[in-house]
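Colleague: After the structure tokens below, expect a handful of questions from me.
The values are calculated or read from the model by the stated rules, or taken from the named source; none is laboratory data. Not measured: the values here are computed from a predicted model. Cβ placement follows ideal geometry from the backbone for every residue including glycine, while neighbour counts extend to all protein chains displayed. Heads up: the accessible areas ignore ligands, DNA and RNA and are worked out on the full protein's heavy atoms, side chains in. Shrake-Rupley method; radii C 1.70, N 1.55, O 1.52, S 1.80 Å.
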Amino acid sequence: MGINFHITSVREGTIFNVMQFLSLEKVTGILSVSFGRHIPDIAIYFVSGTAATAEFGDMSGDAVLDMILCQEYAIKEVNFAPGRMSRINDKALIVRAASLSGALLQSSKDVDKCQARSLIYGLLPLYFSDSGRTDLLLQVLYDFSKVRDYLLKIPPGPTDKQAPLPQCVLLHRALTQNLISYNTPLVPLKLLRNLLEAVQPLADKEVENLRGYMRSLLPHPRATHMPIDRFYAFATAVESIAHRRGPEVGEQTRTAIYRLIQRVTRPTEAINA
């Protein structure tokens, strides 16, 4: 009987472990990776344990592996169904390495050195000022041909970053030049310093709790911004600590939170503020 499974609890390293397991079991079938019902699934076709192809709309092959590892925190479900495909898509071949381990290792290196990743948040909706189009960033990557020409017309700028995927270079450029934007206001993490200074010194347990809570609220570990709805949750935790310091510290912290929210919700506020 062929292997068939469904995983709904996806943590860091899950995809790597699943693909290694399928390789060791010499399976043939399709691994589907879901980001939720509003985004098409990634399809990775295995042949006797070899990851032969990877497809995600306009993205294919090795680039899909990079994107999976980059946006692993956005994955909702993983499914595998055994079965053979009638025809393999030659344009989606995974050709980077002779082995799956080698391909995944190279993708991990790509993600580690990607400079654009700090602003690539897969499940946040993007707004394109030229067309009024609004889509989740992952949907934009899936249908990238629809925005490629517009993004290619944007001239390089001083905030450009290098990335293994040309799509991410172009998206980062447009975001930092405010030619596209996230619909959700973002709070730059560097603005949290003043907020945290108000409750210093922190006990070791408080530091540990705040660090862990912040990690859980970020779109991914390399993020430089936090969506404002998640910032509200983090700010509530900081304000709670401040009130334990006394009414004056509590009020100062509340004022700092209010000013920060006012700043990041201004229409003209740049993403790289």
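Colleague: Would you confirm whether or not region 127-137 contains a residue that is open to solvent by less than 10 Å² (accessible area, probe 1.4 Å) and small (Gly, Ala, Ser)?
Modeller: Taking every residue of region 127-137 in turn, none turns out to be open to solvent by less than 10 Å² (accessible area, probe 1.4 Å) and small (Gly, Ala, Ser).
Colleague: Still on this model: Condition first: assigned to a loop (DSSP other than H, G, I, E, B), over 13 Å from residue 49 (Cα atoms) and open to solvent by 60 Å² or more (accessible area, probe 1.4 Å). Now tell me which residues in region 10-33 satisfy that.
Modeller: Matches in region 10-33: 11, 12.
Colleague: Okay, next question. How do the pairs read when you match residues in region 147-160 that are closer than 19 Å to residue 118 by Cβ and without any contact (Cβ under 8 Å) to a residue 24 or more places away in the chain with residues anywhere that are part of a loop (DSSP other than H, G, I, E, B) and open to solvent by 20 Å² or more (accessible area, probe 1.4 Å), using Cβ under 6 Å and keeping only pairs 6 or more apart or on different chains?
Modeller: Final answer for the pair search is 157/177.
Colleague: While we're looking at this one, here's another question. Every residue in region 228-248 that is of a type in the set (A, V, I, L, M) and within 18 Å of residue 205 (Cβ to Cβ), please.
Modeller: Those that are of a type in the set (A, V, I, L, M) and within 18 Å of residue 205 (Cβ to Cβ): 237, 238, 241, 242.
Colleague: Let me ask you something else. Examine region 189-201 for a residue that is under 30 Å from residue 33 (Cβ atoms) and touching a strand residue (DSSP E or B) at 6+ places or on another chain (Cβ under 8 Å), and state whether such a residue exists.
Modeller: Within region 189-201 (the criterion being under 30 Å from residue 33 (Cβ atoms) and touching a strand residue (DSSP E or B) at 6+ places or on another chain (Cβ under 8 Å)), the answer is yes, since at least one residue qualifies.
Colleague: Name every residue in region 144-196 that is outside any helix (DSSP H, G or I), of a type in the set (Gly, Ala, Ser) and crowded, with 16+ Cβ neighbours inside 10 Å, in order of residue number.
Modeller: 163, 181 - these are the residues of region 144-196 that are outside any helix (DSSP H, G or I), of a type in the set (Gly, Ala, Ser) and crowded, with 16+ Cβ neighbours inside 10 Å.
Colleague: Here's something else I'd like to know. Could you check residue 230 against (1) modelled with pLDDT of 95 or more; (2) open to solvent by less than 50 Å² (accessible area, probe 1.4 Å) and say which number it fails?
Modeller: (2)
Colleague: Please determine whether any residue of region 211-234 is more than 21 Å from residue 117 (Cβ to Cβ), in contact (Cβ under 8 Å) with a residue 12 or more places away in the chain, among the β-branched types (Val, Ile, Thr) and part of a helix (DSSP H, G or I).
Modeller: No: region 211-234 contains no residue that is more than 21 Å from residue 117 (Cβ to Cβ), in contact (Cβ under 8 Å) with a residue 12 or more places away in the chain, among the β-branched types (Val, Ile, Thr) and part of a helix (DSSP H, G or I).
Colleague: Going by the conditions given, is residue 28 touching a Pro at 6+ places or on another chain (Cβ under 7 Å), at negative phi, hydroxyl-bearing (Ser, Thr, Tyr) and touching a residue at least 24 places away in the same chain (Cβ under 8 Å)?
Modeller: yes
Colleague: Report, by residue number, each residue of region 181-234 that is closer than 23 Å to residue 258 by Cα, over 17 Å from the mean Cα position of the chain (by Cα) and aliphatic (A, V, I, L, M).
Modeller: 191, 192, 195, 196, 198, 199, 202, 207, 210, 233
Colleague: Please give the number of the condition residue 54 fails out of (1) within 30 Å of residue 169 (Cα to Cα); (2) modelled with pLDDT under 95; (3) in contact with a helix residue (DSSP H, G or I) (Cβ under 9 Å, 6 or more places away or on another chain).
Modeller: (2)
Colleague: For residue 50, are the conditions met, namely being free of Cβ contacts under 8 Å to residues at least 60 places away in the same chain and either farther than 20 Å from residue 220 by Cα or surrounded by 14 or more Cβ atoms within 10 Å (Cβ to Cβ) (or both)?
Modeller: For residue 50, the condition - free of Cβ contacts under 8 Å to residues at least 60 places away in the same chain and either farther than 20 Å from residue 220 by Cα or surrounded by 14 or more Cβ atoms within 10 Å (Cβ to Cβ) (or both) - is met.
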